[in-house]
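Single-structure report; data block below.
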Amino acid sequence: MYRFLLTPRWWGINVFVLLAIPFCIFMGSWQLSRFEARMHEQQRASEQVSADRKEAARPLQELLPVDQSTSGKRTTATGRYGKQLLVPDRVLDGKQGFYVLTLLRTDGGRALPVVRGWLPGDASSAKAPAAPTGEVTVTGALQASESPGSNGVGGGGGLPPDETAAISAASLVNLVPYSVYDAWITLDTADSGMRAVPATAPQNTGLDLKAFQNLGYTGEWFVFAGFTVFMWFRLLRREVEYARDAELGLVTEGAGAGGPTSPAGTETAEDAQAAEDEKVAAESEPRTAAT
């Protein structure tokens with residue numbers, strides 16, 4: 001009954017199944033490992049942010065350029081505050097508000113974006129307190145430049161000239177007349193009654209959209225593996241049923257699985273045609289004799 005498994009057609013089906021199932025399981029396991037790795041990265045990043053708060057602040061130049069190992073580190077810089085900008089549509093503790101961003105011009109001539117604090121409500125220059133005058137030394141958590149359009153950062157279209165959607169050198173270079181560091185800091189203690197903005201984990205270390213895409217792909221690959229097994233058993237069952245029907249004489253000899261069947265007692269097209277020919281021949285014989 002199972003001799004059909006040795007046919008070339010079933011050899012091809014079996015080889016495909018034997019290759020497809022391990023491949024699907026491998027890809028599903030790989031996607032799951034990527035999701036778990038992102039979870040571990042988020043945990044390490046959160047622990048690192050907590051540890052960085054206890055470390056002594058280091059000079060800005062020692063921590064540049066910003067990467068995953070230096071993001072969140074406490075740094076210090078000295079200079080004079082210059083142009084002040086607002087960063088609208090920023091959420092803190094579930095409330096909508098805006099950042100007060102002031103450019104700190106250092107001795108090297110470049111400016112360091114400093115988030116001096118957060119205020120609730122719509123962005124308004126009248127609400128934002130003026131920056132301290134004279135030379136100041138600031139201390140805060142170092143952060144990498146933001147990417148417009150990602151992680152809740154706006155694209156920046158149609159904003160007033162005193163506002164910016166993203167805190168990045170690429171965005172600020174068009175708003176200030178001096179070069180800007182490709183980094184920014186958020187103060188440990190906010191100025192003038194504002195709330196301090198907590199440091200965030202480095203990019204690509206959290207449970208972002210990519211992480212949940214990995215989890216979704218994991219499910220898809222395992223579903224593909226299960227579907228492959230299901231279809232193989234379905235084809236096998238159909239072939240076995242056909243072989244059993246053939247042994248009982250319920251199918252015409254030579255018909256393939258799933259092909260036309262001829263149950264016992266049912267005339268085929270050939271039988272009907274032969275019967276019709278015999279009938280015509282019988283009717284013509286008396287006429288010939290009479291002639």
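The values are calculated or read from the model by the stated rules, or taken from the named source; none is laboratory data. Keep in mind that what you see is a predicted model, and the values were worked out from it rather than measured. Positions of Cβ are generated from backbone atoms using ideal geometry, with glycine treated the same way; all protein chains shown enter the neighbour counts.
Quick notes
- Candidate set: segment 183-194, residues that are of a type outside the set (A, V, I, L, M, F, W, C) and farther than 12 Å from A128 by Cα; chosen: the one modelled with the highest pLDDT: T186
- Among (1) surrounded by 23 or more Cβ atoms within 10 Å (Cβ to Cβ); (2) out of contact with any Phe, Trp or Tyr (no Cβ under 9 Å at 6 or more places or on another chain), the one test that L142 misses: (2)
- In segment 212-260, the residues that are β-branched (V, I, T), modelled with pLDDT of 90 or more and either out of contact with any helix residue (DSSP H, G or I) (no Cβ under 6 Å at 6 or more places or on another chain) or not in a helix (DSSP H, G or I) (or both): V223, V229
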